[in-house]
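The values are calculated or read from the model by the stated rules, or taken from the named source; none is laboratory data. As the structure is a computational prediction, the values presented were derived from the model and not from experiment. No Cβ is skipped: glycine too gets one built from the backbone with ideal geometry, and neighbour counts run over all protein chains shown.
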Amino acid sequence: MTTLRPPVAAHRPTARTRTKRDRRSWTGWGFMGPFAAVFALVFLAPIAYSIYLSLFRDQLIGGTTFVGLDNYTQAFQDDKFWASVGRVSLFLVVQVPIMLGIALLVALALDSGRLYGRDFFRISIFLPYAVPAVVATLMWGFMYGTRFGLLGDVNDAFGVSLPDPLSPDLVLASIGNIVTWEFVGYNMLIFYSALRVIPHSLYEAAEIDGAGQFRVIAAIKLPAIRGALVIATIFSIIGSFQLFNEPSILRNLARNAITTSYTPNYYTYSLSFSGQQHNYSATVAIIMGLITMVIAYVVQLRGMRKGA
């Protein structure tokens, strides 16, 4: 005859068990705490303060006054601001594809294994990225000079009159040349690193199938580095909308071609430090941040969809 045993009571967490679980949960926050504090201090706090500034305006009578969204309304009606946005948009559409195309070609050449002196060539292409943007702009600015620079010496030596790169019609292209010279090596390194991690088994299968170099590039290499292409494109978009060093330095050499509102960042800087319009400057900065964020997100979304 079997005897019935009383049911085992459900295990209930003791106070000691709950204490251990609480400690584990707080351990993660302890590791995240320093980063979260720095992130809030250097990222979230400036954004919040900029939004706060954009809601006020300094007036001759009454001092700092709350104006709500009036600064944003003014920005949307500001011809100088939208002209600068259009200028960097044109710069983005033309310069970024050229720069990324050159970087991709160089990376493919390096990865092919048929380039003589590959290591030296890779360092030579990457070296301009190590040059500070201020130094690079000054160097190119003096080469562009028609009266004192390399272009002026060429005109005098050969008795010709080459177009002035710092003229109003060509200065944007000249800035694009400087930026391309600076960042081709950086983007080349992104593409080259992505190419180096492609499994060799794919190349062996392509060789067995008799695929040529162009077929390998189109069917294996380009699809494999699509993520790197998207990242480089996003970085380039952000950099184009943040264009500041080149126009601000070249303005001393081309005052008739470059104004203080030539790019959105330069316009924001001029409003804040020269015009003392801190509130309106914060408004322009916030709008540009939103525009950049939306465009970068759209590019990322389209890149992910194509890769799916």
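Only one entry in L243, L290, L271 is at pLDDT 90 or above, within 30 Å of D58 (Cα to Cα) and surrounded by fewer than 12 Cβ atoms within 10 Å (Cβ to Cβ), namely L290.
Residues in region 71-97 that are hydroxyl-bearing (S, T, Y) and either surrounded by fewer than 18 Cβ atoms within 10 Å (Cβ to Cβ) or part of a strand (DSSP E or B) (or both): Y72, T73, S89. When I198 is tested against (1) in a helix (DSSP H, G or I); (2) within 30 Å of Y297 (Cβ to Cβ), just one condition goes unmet, and that condition is (1).
Just one residue in the set R226, R215 is of a type in the set (K, R), surrounded by 12 or more Cβ atoms within 10 Å (Cβ to Cβ) and at pLDDT below 90; that residue is R215. Scan region 98-124 for residues that are of a type in the set (S, T, Y) and surrounded by 13 or more Cβ atoms within 10 Å (Cβ to Cβ) and the total you get is 1. Criterion applied to L115, L108, L100, L166 was being closer than 23 Å to P223 by Cα and not in a helix (DSSP H, G or I), and the one residue passing it is L115.
Out of region 123-162, which residues are in a loop (DSSP other than H, G, I, E, B) and more than 30 Å from L104 (Cβ to Cβ)? Within region 123-162, G145, T146, R147, F148, G149, G159, V160, S161, L162 meet the criteria. Inspect region 40-52 for any residue being free of Cβ contacts under 8 Å to residues at least 40 places away in the same chain and either closer than 30 Å to K221 by Cβ or surrounded by 14 or more Cβ atoms within 10 Å (Cβ to Cβ) (or both) and give the result as yes or no. The answer is no, given that none of the residues of region 40-52 is free of Cβ contacts under 8 Å to residues at least 40 places away in the same chain and either closer than 30 Å to K221 by Cβ or surrounded by 14 or more Cβ atoms within 10 Å (Cβ to Cβ) (or both).
Of the numbered criteria (1) more than 21 Å from the chain's Cα centre (by Cα); (2) without any contact (Cβ under 8 Å) to a residue 60 or more places away in the chain; (3) part of a helix (DSSP H, G or I), the one G68 fails is (3).
Applying the set (1) modelled with pLDDT under 90; (2) over 23 Å from Q300 (Cα atoms) to I220 leaves exactly one unmet item: (2). Taking (1) out of contact with any helix residue (DSSP H, G or I) (no Cβ under 9 Å at 6 or more places or on another chain); (2) buried (at least 17 other Cβ atoms within 10 Å of the Cβ); (3) not charged (D, E, K, R) in turn, L151 satisfies each apart from (1). Has region 194-204 got any residue that is of a type in the set (F, W, Y), more than 25 Å from the chain's Cα centre (by Cα) and at pLDDT 85 or above? Within region 194-204, none of the residues are of a type in the set (F, W, Y), more than 25 Å from the chain's Cα centre (by Cα) and at pLDDT 85 or above.
Picking from residues in region 159-173 that are within 35 Å of the chain's Cα centre (by Cα) and loosely packed, with under 11 Cβ neighbours inside 10 Å, the one that is farthest from F91 (Cα to Cα) is P163.
Being surrounded by 15 or more Cβ atoms within 10 Å (Cβ to Cβ), within 19 Å of L105 (Cβ to Cβ) and out of contact with any Cys (no Cβ under 8 Å at 6 or more places or on another chain) is a description that does not apply to A282. Just so you know, in region 125-148 the residues that are closer than 12 Å to L250 by Cβ and among the small types (G, A, S) include one that is surrounded by the fewest Cβ atoms within 10 Å (Cβ to Cβ), and it is A133. What's the number of the only condition in (1) surrounded by fewer than 15 Cβ atoms within 10 Å (Cβ to Cβ); (2) charged (D, E, K, R); (3) within 18 Å of A257 (Cα to Cα) that D156 fails to meet? Failing condition for D156: (3).
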